[in-house]
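The values are calculated or read from the model by the stated rules, or taken from the named source; none is laboratory data. All figures in this text were calculated on a predicted structure; none of them were measured in a lab. Cβ: placed from backbone, ideal geometry, glycine included. Neighbour counts: every protein chain shown.
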Amino acid sequence: MSGAVRGAMSVVRRVPVLFGLTYALFWAVIGAIVMTLWAHFGNLSNSGLVIGAYVVHCISVLIGAIAGSRAASERGWYYGGLIGLIYALIMVALSLLVYSSFSFDASGLFRVLIMALIGAFGGILGVATQSE
């Protein structure tokens with residue numbers, strides 16, 4: 001790895017929320033590519049695609065929260081929850097910009113809350129599984 005890339009990752013790692021969001025968005029892109037290939041070459045129904053998208057988002061937030069809280073090495077629930085909340089708000093913003101389809105009703109806000117809770121849980125796991 002070149003010195004410039006290593007230096008950039010060092011800066012990102014110093015900000016745990018940014019580090020966790022980077023991980024979460026990376027795994028979301030990987031999951032979206034896998035789901036796209038599965039839908040194109042497999043026999044994935046529309047309802048299966050929606051469920052798969054939710055699973056990809058939940059796993060992405062969980063992995064990002066674990067990575068971010070390990071970078072912070074303290075207050076895992078706080079950093080993880082913040083990562084989940086910001087990730088959900090990024091997805092809401094993308095949904096509003098691209099499709100204008102997010103509804104600010106109880107179910108939409110519940111999904112944002114679920115992402116924050118998954119992030120908080122991932123943050124707790126990240127701090128608890130951190131090696132000394």
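If you check every pair at least six apart or on different chains, which have Cβ atoms under 7 Å apart with a residue in region 44-55 that is more than 18 Å from Ser95 (Cα to Cα) first and a residue that is aromatic (Phe, Trp, Tyr) and part of a helix (DSSP H, G or I) second?
Leu44/Trp38
Mind listing whichever residues of region 19-77 are at pLDDT 90 or above, out of contact with any Gly (no Cβ under 6 Å at 6 or more places or on another chain) and within 12 Å of Gly126 (Cβ to Cβ)?
Listed by number, the list holds a single entry, Ile63.
Just checking, how many residues over region 76-126 are touching a Ser or Thr at 6+ places or on another chain (Cβ under 9 Å) and polar (S, T, N, Q)?
Selection size over region 76-126: 2.
Give me the residue from region 23-44 that is under 11 Å from the mean Cα position of the chain (by Cα) and among the aromatic types (Phe, Trp, Tyr) and, out of that set, surrounded by the most Cβ atoms within 10 Å (Cβ to Cβ).
Applying the filter and picking the extreme gives Tyr23.
Considering each of Ser73, Ser47 in turn, give the residue that is under 18 Å from Ser131 (Cα atoms), surrounded by fewer than 16 Cβ atoms within 10 Å (Cβ to Cβ) and of a type in the set (Gly, Ala, Ser).
Going through Ser73, Ser47 in turn, the sole match is Ser73.
Go through region 76-92 and give me each residue that's of a type in the set (Val, Ile, Thr), touching a residue at least 24 places away in the same chain (Cβ under 8 Å) and surrounded by fewer than 24 Cβ atoms within 10 Å (Cβ to Cβ).
Answer for region 76-92, where residues must be of a type in the set (Val, Ile, Thr), touching a residue at least 24 places away in the same chain (Cβ under 8 Å) and surrounded by fewer than 24 Cβ atoms within 10 Å (Cβ to Cβ): Ile86, Ile90.
I'm checking my understanding of the structure. Among residues of region 112-132 that are exposed (fewer than 15 other Cβ atoms within 10 Å of the Cβ) and not aliphatic (A, V, I, L, M), which one is nearest to the chain's Cα centre (by Cα)?
Here the answer is Thr129.
Starting from residues that are polar (S, T, N, Q) and assigned to a helix (DSSP H, G or I), keep the ones in region 53-106 and report whichever is nearest to the chain's Cα centre (by Cα).
Top of the filtered list is Ser60.
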